[in-house]
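Quick notes on the structure that follows.
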Amino acid sequence: MREPAGRSGKFRGRSGSVRRRAEGLAVRVRIIGEKTMLAGERRGRKPWNDHLRGVTMDLGTTVFYILVYPGLLFLFSYATFCEWVDRKVYARLQNRFGPLYTGPQGILQPLADFIKLMSKEDIVPREADAVMFTALPIVILAVVCSAAMFLPIGGFVTDAVSSHSFPGDLIVMVFLLTIPTLIFFLAGWYSSSSFSVIGGTRVITMLFGYEVPLLLAVLSPAILANSWRLADIARFYQTQPVLLLPNLIGFVVALIALQAKLERVPFDIPHAETEIVGGTFVEYSGKKLAFFRLAIDIEMVVGSGLIATVFLGGFPGGFLPGLVFFLVKTLLIVILLSIVRAIFSRIRIDQVISFSWRYLVPLSIVQIFIVIFLKGLAG
Amino acid sequence: MGLPDLLLSLPIVFLLFLAFYAILYWLGGRVAPKANSIGEKLDTYSCGEEMPVPPVKISFRLFFYIALFFTMMHVAVLVVATIPSGPLAWLGIAYLTMIFLSVMALITRN
C-alpha cells in the first residue's frame with residue numbers, strides 16, 4: 001500500500017478489505033503448512049520444512065562465499081586496500097605522502113579512482129576489434145575472481161565447498177593466473193595500435209621468462225608436502241613449520257616471478273610509459289581501464305595469497321583467525337613487492353629473459369634439488 | 001553433487017562472475033555520459049602523427065628457443081614432482097641433472 005491510509009475515504013475502505021483478505025490467506029497458508037508437516041511426521045520422515053531449511057542454509061553459505069567472502073565484496077575491498085597500501089609504501093619510500101585526501105589517510109583513493117573511471121564515456125577506437133576490446137576487461141575480472149575461490153582461506157575448506165578444492169588445484173591456480181597475461185596480450189593485439197601491439201608482444205615474451213621459475217618454485221613445497229592440493233600443503237606446513245625453511249630460495253624466486261607477473265617495476269616493460277606510452281593499455285580508457293586496474297589489483301591479492309599458502313603455511317584456524325592470517329601474510333607480501341618496486345628501476349626486455357634464465361631457473365632447480373634430497377633422506 | 005557444490009565448481013563460478021561483471025559494466029554505461037565521437041577521439045593513439053597501423057612481424061627464431069625451453073621445463077617438472085618419497089627419489093636427482101645440463105646447453109648456445 002503505497003498510498004498513505006486515511007488520505008481519502010475511498011481508499012480507506014478498499015485497504016481494509018485487502019488487509020482482511022490477506023489475513024485470511026495467511027491463516028490458510030499456516031494451516032496447509034501444519035498439515036504437511038503432520039503428514040511427513042506420520043510417515044516417519046523428517047519434516048520437509050527442516051530439509052528445505054538445510055538446503056537453503058547451504059545455498060546461503062554458497063552465495064555468501066561467492067558474493068561476500070572470499071568472493072566479490074571481499075576481493076574488491078581488499079584489492080583496493082592493497083592498492084592503497086602499495087601506493088602509500090611506494091610514496092613513503094620516495095619521500096612523498098601518497099594519497100591523502102579521500103577518506104582517512106587517503107584510504108578511499110583507489111575506490112574514488114575506480115568510480116571516476118567508471119563514470120567516463122566509453123570509447124572504442126575505430127581500428128580496434130569492438131567485441132574483443134569490450135569483452136576482455138570483463139573476462140579478466142571473472143578469471144582472477146574464480147582463481148581467488150581456490151585460496152584455502154579459513155573456514156573455506158569445509159564440506160560445503162569440498163568440490164572446489166581437489167588434488168592438483170595448485171596447478172589449476174597457477175594456470176588460472178597465467179590467463180590474465182594472455183588477456184593482456186590479446187588486449188594489446190586487438191587494440192590494433194602500434195604501441196599496444198608492441199606491448200602485447202612484450203607481455204608474451206616476458207611470460208616465457210618468469211612462468212617457468214614461478215611454477216618450479218611453487219612446486220617445490222608441494223613436492224616436500226607430497227600433495228598438490230593447496231589446503232593439504234598449507235596443513236602440512238602448519239604441523240611442521242620448520243620445513244618452511246628449506247623452501248626459502250623458492251620463496252624469493254616466487255616473489256620475483258610474481259612481481260614480473262604483475263608487470264610492476266622493475267618488470268613494467270609491457271607498459272613502459274617512457275617508451276611505448278602505456279603499452280597494452282594505450283587505447284583503453286574509462287570503464288574498461290577501471291576493470292583492468294581492478295583485475296591487476298585482485299591478481300596481486302590472489303598471487304600473494306598463493307605464495308602465502310604455499311610458502312608461509314597458509315591460513316590456519318577457522319573463519320576469523322584464518323581471515324586475520326590471510327590479511328597479515330598477504331599484506332606482508334604486498335609490502336615486500338612495493339619495496340622491490342621502489343628500489344629498482346626498469347630493466348630491458350632481454351635483461352628480463354636472461355635474468356630469469358640465468359638466475360631464477362637455476363635457483364629454482366637448486367631449490368627442487370634440496371627438496372628431493374630431503375625427501376630422499378626421509379625415505 | 002548438490003546445488004551448492006555445483007555453484008562453486010570452476011566453470012559455473014566463472015560464469016557467475018562473468019555475469020556479475022557484465023552487469024556492472026552495463027550499469028557503468030548507464031551512469032556514464034554517452035560517448036560523443038567528435039574529432040579524432042576514435043583514432044588510434046600515435047603521438048599526434050597520422051600513422052597507419054603497421055603489419056606485425058614476430059621473429060620466430062628466438063621464439064622457438066624460448067618455447068623449447070618452456071616445454072622442457074614443464075615436462076621435467078611434471079615428471080619430477082610426481083616422484084614418490086623414498087629410494088626412488090634418488091632417480092629424480094639423476095633426471096634433474098640431465099635437465100640442468102640441457103638447460104645449460106640452451107643458455108650457452110644463446
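The values are calculated or read from the model by the stated rules, or taken from the named source; none is laboratory data. As the structure is a prediction and not an experimental result, all values here were calculated from the model. Note that we place each Cβ from the backbone using ideal geometry, even for glycine, and neighbour counts take in every protein chain shown.
From the residues in region B:22-56 that are more than 7 Å from chain A (Cβ to nearest Cβ) and at pLDDT 85 or above, which one is farthest from A:Leu117 (Cα to Cα)?
B:Ile23
Might you let me know whether region A:228-245 holds any residue that is within 11 Å of another protein chain (Cβ to nearest Cβ) and under 30 Å from B:Phe20 (Cβ atoms)? Walk me through it before giving the result.
We begin by selecting, within region A:228-245, every residue within 11 Å of another protein chain (Cβ to nearest Cβ); these are A:228.
Next cut, under 30 Å from B:Phe20 (Cβ atoms) only: A:228.
Yes: one or more hits.
Of the residues A:Ser196, A:Ser220, only one is assigned to a helix (DSSP H, G or I), crowded, with 24+ Cβ neighbours inside 10 Å and either touching a Phe, Trp or Tyr at 6+ places or on another chain (Cβ under 8 Å) or more than 10 Å from chain B (Cβ to nearest Cβ) (or both); which?
Step by step, each of A:Ser196, A:Ser220 is checked, and only A:Ser196 is assigned to a helix (DSSP H, G or I), crowded, with 24+ Cβ neighbours inside 10 Å and either touching a Phe, Trp or Tyr at 6+ places or on another chain (Cβ under 8 Å) or more than 10 Å from chain B (Cβ to nearest Cβ) (or both).
I'd like to know if region A:281-291 contains one or more residues that are touching a Pro at 6+ places or on another chain (Cβ under 7 Å) and of a type in the set (Lys, Arg).
Yes; the residues of region A:281-291 include at least one that is touching a Pro at 6+ places or on another chain (Cβ under 7 Å) and of a type in the set (Lys, Arg).
Only one residue in A:Leu331, A:Leu323, A:Leu377, A:Leu312 is of a type outside the set (Gly, Ala, Ser), touching a Lys or Arg at 6+ places or on another chain (Cβ under 6 Å), surrounded by fewer than 24 Cβ atoms within 10 Å (Cβ to Cβ) and over 30 Å from B:Leu106 (Cβ atoms), so which one is that?
Numbers: A:Leu331 fails: touching a Lys or Arg at 6+ places or on another chain (Cβ under 6 Å); A:Leu323 fails: touching a Lys or Arg at 6+ places or on another chain (Cβ under 6 Å); A:Leu377 fails: touching a Lys or Arg at 6+ places or on another chain (Cβ under 6 Å).
Result: A:Leu312 is the single residue among A:Leu331, A:Leu323, A:Leu377, A:Leu312 that is of a type outside the set (Gly, Ala, Ser), touching a Lys or Arg at 6+ places or on another chain (Cβ under 6 Å), surrounded by fewer than 24 Cβ atoms within 10 Å (Cβ to Cβ) and over 30 Å from B:Leu106 (Cβ atoms).
Go through region A:346-373 and count every residue that is more than 9 Å from every other protein chain (Cβ to nearest Cβ) and of a type outside the set (Val, Ile, Thr).
11
Could you go through region A:275-285 and let me know if any residue there is surrounded by fewer than 22 Cβ atoms within 10 Å (Cβ to Cβ), more than 30 Å from A:Ile347 (Cα to Cα) and either within 14 Å of another protein chain (Cβ to nearest Cβ) or in contact with a helix residue (DSSP H, G or I) (Cβ under 7 Å, 6 or more places away or on another chain) (or both).
Checking region A:275-285: not a single residue is surrounded by fewer than 22 Cβ atoms within 10 Å (Cβ to Cβ), more than 30 Å from A:Ile347 (Cα to Cα) and either within 14 Å of another protein chain (Cβ to nearest Cβ) or in contact with a helix residue (DSSP H, G or I) (Cβ under 7 Å, 6 or more places away or on another chain) (or both).
Being surrounded by 23 or more Cβ atoms within 10 Å (Cβ to Cβ) and at pLDDT below 85 is the filter here; which residues of region A:199-217 pass it?
A:Gly209, A:Val212
Kindly indicate the residue of region A:144-160 that is more than 15 Å from B:Leu6 (Cα to Cα) and either at pLDDT 85 or above or within 8 Å of the chain's Cα centre (by Cα) (or both) and also nearest to the other protein chains (Cβ to nearest Cβ) among those meeting that condition.
Checked region A:144-160; the qualifying residue nearest to the other protein chains (Cβ to nearest Cβ) is A:Cys145.
Go through region A:84-121 and give me each residue that's part of a loop (DSSP other than H, G, I, E, B) and crowded, with 17+ Cβ neighbours inside 10 Å.
Residues satisfying the conditions are A:Gly98, A:Pro99, A:Leu108, A:Lys120.
Results for (1) under 14 Å from A:Thr309 (Cβ atoms); (2) of a type in the set (A, V, I, L, M, F, W, C), shown as yes or no for each residue.
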residue: A:Ile179; (1), (2): no, yes
residue: A:Gly188; (1), (2): no, no
residue: A:Ala231; (1), (2): yes, yes
residue: A:Ala234; (1), (2): yes, yes
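Restricted to region A:274-296, and to residues that are β-branched (Val, Ile, Thr) and closer than 18 Å to A:Val139 by Cβ, which residue is nearest to the chain's Cα centre (by Cα)?
So in region A:274-296, the residues β-branched (Val, Ile, Thr) come out as A:274, A:276-277, A:280, A:282, A:296.
Pick out the ones that are also closer than 18 Å to A:Val139 by Cβ and you get A:280, A:296.
On the way: A:Thr280: 21, A:Ile296: 9 Å.
Per the stated criteria, the residue is A:Ile296.
Going residue by residue through region B:7-21, is there one that turns out to be at pLDDT 70 or above and polar (S, T, N, Q)? Full working, then the answer.
In the first step, residues of region B:7-21 are kept if they are at pLDDT 70 or above; the result is B:7-21.
Checking which are polar (S, T, N, Q) leaves us with B:9.
Yes, region B:7-21 has at least one match.
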